[in-house]
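The values are calculated or read from the model by the stated rules, or taken from the named source; none is laboratory data. Not measured: the values here are computed from a predicted model. Ideal geometry is used to build each Cβ from the backbone, glycine not excepted, and the neighbour counts take in all protein chains shown.
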Amino acid sequence: MKVLITGATGLVGKALTAKLLERGDEVNYLTTSKSKVENQKNFNGFVWNPKREEIDKACFDGVECIINLAGASVAERWTSEHKKAILNSRIDSLNLLYKSLSEINHEVNHLVSASAIGVYPSSLTRLYDEAETDLSHDFLGHVVQEWEKASSQFENLNINVAQLRIGVVLSADGGALEQMAKPIKNYVGATLGSGQQWQSWIHIKDLASMFCHVMDEALTGVYNAVAPNPVNNKKLTKTIAKQLNKPLLLPPVPKFALKLLLGEMAQIVLGSQLVSADKIQQEGFVFEYAHIEKALEDIYNKKAAKK
Ligand SMILES: NC(=O)c1ccc[n+]([C@@H]2O[C@H](COP(=O)([O-])OP(=O)(O)OC[C@H]3O[C@@H](n4cnc5c(N)ncnc54)[C@H](OP(=O)(O)O)[C@@H]3O)[C@@H](O)[C@H]2O)c1
């Protein structure tokens with residue numbers, strides 16, 4: 001199949017692109033940086049600028065499925081300017097794709113868009129599934145709801161829409177795990193806050209496979225993209241330390257210190273989302289990494305092998 005990916009140059013996009021090319025799919029991708037354009041057999045880059053509504057419409061030629069991952073990073077300091085970029089980059093990207101498709105003849109019949117588990121209100125006790133109607137009203141919750149709204153509009157063009165609410169992506173190539181592991185490697189690692197907050201994680205390989213599964217099975221609707229066995233921050237921190245063979249010497253970092261250090265962004269590390277993976281499993285998806293120990297073992301073995 002020919003697939004168009006936005007955000008293909010990011011953490012998730014790179015893993016997904018590699019998987020699609022390995023399977024023999026053809027990949028077009030949209031990037032905001034001219035320098036990231038490559039043209040190879042079955043792998044072609046096109047430039048766009050969602051803010052300025054500029055796009056090379058040749059990117060849609062022969063494409064049946066769009067996978068949308070584009071968006072400014074949530075891991076940069078949340079100044080009021082960057083908060084605008086976090087929201088607007090996601091909405092502008094989808095709106096530009098929508099506008100472009102409504103102006104041309106095309107073969108796109110499926111949009112699979114990234115979303116995030118930050119849409120669920122922070123809770124230590126509730127287990128969230130996709131039918132949840134009580135959604136979060138904090139900054140991330142608002143962003144995700146607007147993001148999902150913008151992707152749902154493609155149904156007006158008779159394009160099937162699926163949204164994957166992604167949890168904390170664990171990868172050997174950066175992202176959240178690298179940030180969590182850094183202090184542990186330097187002997188200043190510690191549980192964050194009470195350590196009781198749930199962290200619903202997913203191994204990047206499983207996430208790439210899940211995007212493919214949703215695409216292959218032409219699934220529509222919302223799916224949580226998290227492994228079936230979430231852990232709390234204390235267990236995650238301990239498991240990373242064990243894998244790295246480092247002791248945890250310091251007491252937990254108090255909530256107020258994290259809030260002072262990170263500002264509103266502390267929401268990312270202190271928020272608690274216990275999220276169910278049942279729905280995607282009922283659609284026949286099988287996780288390769290269902291338990292945190294096995295996932296981290298794979299990631300750190302791979303890192304060691306690369307050195
Ligand atoms: N990683 C996680 O733990 C996680 C968890 C939940 C949800 N998600 C969501 O899943 C998606 C992919 O995650 P990721 O970790 O791969 O993100 P990432 O590494 O930050 O990559 C996102 C990509 O989006 C593009 N981008 C950045 N700013 C943009 C802008 N202003 N306008 C249009 N495109 C822009 C960039 O591609 P170009 O430079 O090529 O344009 C970048 O490579 C993101 O939307 C993220 O919010 C990720």
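Here are some notes:
- The listed residues are A227, A257, A150, A162, and the only one of them that is surrounded by 20 or more Cβ atoms within 10 Å (Cβ to Cβ), outside any loop (DSSP other than H, G, I, E, B) and of a type in the set (A, V, I, L, M) turns out to be A162.
- Residue that is modelled with pLDDT of 90 or more and under 21 Å from the mean Cα position of the chain (by Cα), where the choices are P228, P254: P228
- S93 part of a strand (DSSP E or B), in contact with a helix residue (DSSP H, G or I) (Cβ under 6 Å, 6 or more places away or on another chain) and modelled with pLDDT of 95 or more: no
- Among the residues of region 95-112, those that are within 16 Å of the ligand (Cβ to nearest atom) and without any contact (Cβ under 8 Å) to a residue 60 or more places away in the chain comprise N95, L96, Y98, K99, S100, L111.
Listed here are the residues, each with its yes/no results for (1) touching a helix residue (DSSP H, G or I) at 6+ places or on another chain (Cβ under 9 Å); (2) part of a helix (DSSP H, G or I).
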| residue | (1), (2) |
| --- | --- |
| A8 | yes, no |
| K19 | yes, yes |
| W48 | yes, no |
| G62 | no, no |
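Listed here are the residues, each with its yes/no results for (1) within 20 Å of the chain's Cα centre (by Cα); (2) surrounded by fewer than 19 Cβ atoms within 10 Å (Cβ to Cβ); (3) farther than 26 Å from L192 by Cα; (4) among the basic types (K, R).
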site: C212; (1), (2), (3), (4): yes, no, yes, no
site: N233; (1), (2), (3), (4): yes, no, no, no
site: I240; (1), (2), (3), (4): no, no, no, no
site: N301; (1), (2), (3), (4): no, yes, no, no
site: K306; (1), (2), (3), (4): no, yes, yes, yes
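- Cβ separations smaller than 8 Å between residues 6+ apart or across chains give the following pairs from region 10-26 residues that are under 16 Å from H203 (Cβ atoms) to residues that are away from the ligand (no atom under 14 Å from the Cβ): L16/C212; K19/S209; K19/C212.
- Taken over region 57-78, the residue count meeting the criterion of being surrounded by fewer than 19 Cβ atoms within 10 Å (Cβ to Cβ) and more than 13 Å from the ligand (Cβ to nearest atom) is 6.
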